[in-house]
Amino acid sequence: MNEIIWRSGFEIAKLIRTREVKPSEVMEATLARCEKREPEINSFVSVLAEESMAAARKADKELLQQSASDLPELFGVPLSVKDLAPTAGIRTTFGSVDYADNVPKLDSISVGRLRKAGAIVFGKTTTPEFGMLGVTESRLTGVTNNPWNLRYTAGGSSGGAAASIAAGIGSLGWGSDGGGSIRIPAAYCGVVGLKASLGWVPGDHPWDTTVMEGPITRTVIDQALMLKVTSGHDPRAPLSTPFIPKRNFFDGIETADSDFGGIRVAFAPAPAGARVSAEVAELTRNAAESLSKAGAIVTEVSLDLPDAVEYFIDFWGPAFLDPDSPLPHAAMLKVQSAAKRVSLESYLQTANETRSRLTREFNNLFSSHDVLLTPTSPVAPFPHPGEHGGNTHIDGIQVSYPAIDFHRFTESPTHAGLPAITVPAGFSSEGLPIGIQFVSPLHTDIGLLRIAAKWEKLNPWAHYYPGFTK
C-alpha cells in the first residue's frame, strides 16, 4: 500500500468506490507516512490517528452497504486542514499558545462541505500565529521545514499544509490565502495551490473580501475536485456566488492535453517593476517560451500596479497596531512601525481607490488576454530566516521589508478578487522548487484550472518526490 500515498485524491476516491482499496487501508498508509516523516518536517499541530482510523473503518462498512453511485465524491479520502480553519470537535489553535486548548463546536463552511463529501480529517497543519507571517513558525509549534531541504522554509502561512502534501502525507490539504498564504508555500514545496475568485468558496467572515480558504494538492485534478465540493452559495456568506457550474466541472481538466493553441498569455516577468532573482526570472521566462512553443500567443507586458509592499502596509498595517495584541513575530515590528503613519483617511483611500485601480488595471489586461503569467515569488525558497521573517536580499541586493517582499506577486490578484494558481515550474540551483503563477479574470476559475492542467501535461511534476536532505 506504500504507493497509495502518491496517488491523487481523485484516483483514491475512484479506487475506493470500485472497492479496489479500503478507506482504512488508505488511512493506515497515510498515518504511517506521517509517523515516518512528520518528526523531520514538523507540519502538524495535531494528528488524529485513533479518531481517523475509527472513521475509516466505519467507512469500510458503509462501502459494503452502498452502491458506488451513492457515495459522496471524497468518500474515505484522508484530508488535512490548516489550523486556522475551525473544525468541530477537533482542537483549533490558530497557531497561538493562547488557543492551545480551543475546541470549536462548528466546522468552517468549507470544512463542513469537505466532510459532507466524505473526506476524513486526520490532522491539523501548522500555521504562524493567526496566519500573520509569511513563514510557518510559531511559539506553539516551532518551525516547519521544507521537505526538499529541512534547512529551508516551507513558506507560509499554509506552510504545514504544503509541506505535508509535498511529503506524501495525504493528497488533499486545505489552507487559506489572503495575499499568498496558499500560493507561496505551495510554490516553495513544489505542489499546486489555488486562491479562487472572490465568492467561490464561502467564508466564515461574511464581509471579508480578501482571505479565502482553498486547496493545496500535488495535482490539478485534485484542485478541481476540492473546489467543486466547496464552492457555491451559502446564506452565511453573502458574497458567495450562486452561479457556479457543476455539471461539466472536470471537462478539459481530467483529459487535458498540452496544446495551448490560440490561448492569449500576458507575460509579466516583474510586475510593477519589482526585483526578481536571476534564476527565478530565467525559469519563468523559460515557462513563457515553453507556452509559446505549445501554441500560446505570448505577449510580454508591464503592469501599472502600486508597489505591493507599500500597499500591504497601507492595507494590512493597521491590523498590527492593536496595543492589546502582541505581535506574532519580531519580523513584524518594522511593519508595525511603518503602519503608524497610516491614517484612517489613507487606509480608506487604499481600501477603495487604490484597490479600484488594481481592478481596473487587471480588467484592461484581460480585455485582450486570457491569462496572466508571473513568477509566484521573486525568490526561490530560502533558509529559515529567523528574526527577519523572510529573505533579506535578492541576488546580493537588500530588500526593504524581508517579511513581506517575497509575497509581492500574490498580493495584487487577491485584492482584485481574481482567481490565481501556482504550479511547479522547475528547481533552483540548490534543488528547491520554484513555482509560476497563472491569473485569470473574475469567475473564470474552471478555465484557469484547465490552463493549469495543460501546463501539468506539458511539464509534469507529480513524479518528483522530496529527498528529505538535512
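Here are a few things to note about the model shown:
- Anisotropy class of region 264-437 from Cα gyration tensor, a/c 1.5 cut: oblate
- Panel note: the C-alpha atoms of region 325-374, placed on their principal axes, show extents of 45, 26, 15 Å (largest first).
- Compactness ratio for region 2-230: Cα radius of gyration over 2.2 N^0.38 Å (N = residue count) comes to 0.92.
- Shape box of the chain [Cα atoms, principal axes, largest first, Å]: 61, 55, 48
- Normalised alpha carbon radius of gyration of region 408-469 [divisor 2.2 N^0.38 Å]: 1.29
- Calculated over region 151-218: convex hull of Cα atoms, volume per residue (Å³): 75 Å³
- Candidates V97, S171, T126 compared by Cα position along the dipole of region 2-230: farthest toward the positive end lies S171, with charges placed on Cβ.
- Looking at region 56-163, the trypsin sites (Lys or Arg not before Pro) that sit in a DSSP loop and have at most 10 other Cβ atoms within 10 Å of their own Cβ are K105.
- Magnitude of the charge dipole for region 264-437, about its Cα centre and with charges confined to Cβ atoms of Lys, Arg (+1) and Asp, Glu (-1), is about 220 debye.
- Part-to-part distance (alpha-carbon centres) for region 5-73 and region 83-120, which is given in Å: 19 Å
- Relative packing of peptides 401-410, 347-356, 426-435 - highest average C-beta neighbours within 10 Å first: 401-410, 426-435, 347-356
- For region 2-230, share of DSSP beta bridges that run antiparallel, in % to the nearest 5: 65 percent
- Dipole magnitude for the chain: about 720 debye, using +1 per Lys or Arg Cβ and -1 per Asp or Glu Cβ, origin at the Cα centre.
- Calculated mean residue ellipticity, 222 nm, the chain: -10000 deg cm²/dmol, from DSSP H runs (n ≥ 4) at -39500 (n - 2.57) each, averaged per residue and rounded to 500.
- Net charge in the neighbourhood of G134 (other residues with Cβ under 14 Å of its Cβ; Lys, Arg +1, Asp, Glu -1) is -3.
- When the charge dipole of region 264-437 is built from unit charges on Cβ atoms (+1 for Lys and Arg, -1 for Asp and Glu) and taken about the Cα centre, the candidate among F366, A420, A288 whose Cα reaches farthest toward its positive end is F366.
- Near P419: Cβ cut-off under 10 Å, other residues only, Lys/Arg at +1 and Asp/Glu at -1. The net charge is 0.
- Neighbourhood net charge (9 Å Cβ-Cβ; Lys/Arg +1, Asp/Glu -1) for T125: +1
- Loop trypsin sites (Lys or Arg not before Pro), region 206-242, which have at most 15 other Cβ atoms in a 10 Å radius of their Cβ (DSSP): R236
Read the figures in this text as sums done on the coordinates, not as results from a lab. Not measured: the values here are computed from a predicted model. Methodologically, a virtual Cβ is constructed for each residue, glycine included, from the backbone with ideal geometry; neighbour enumeration extends over all protein chains shown.
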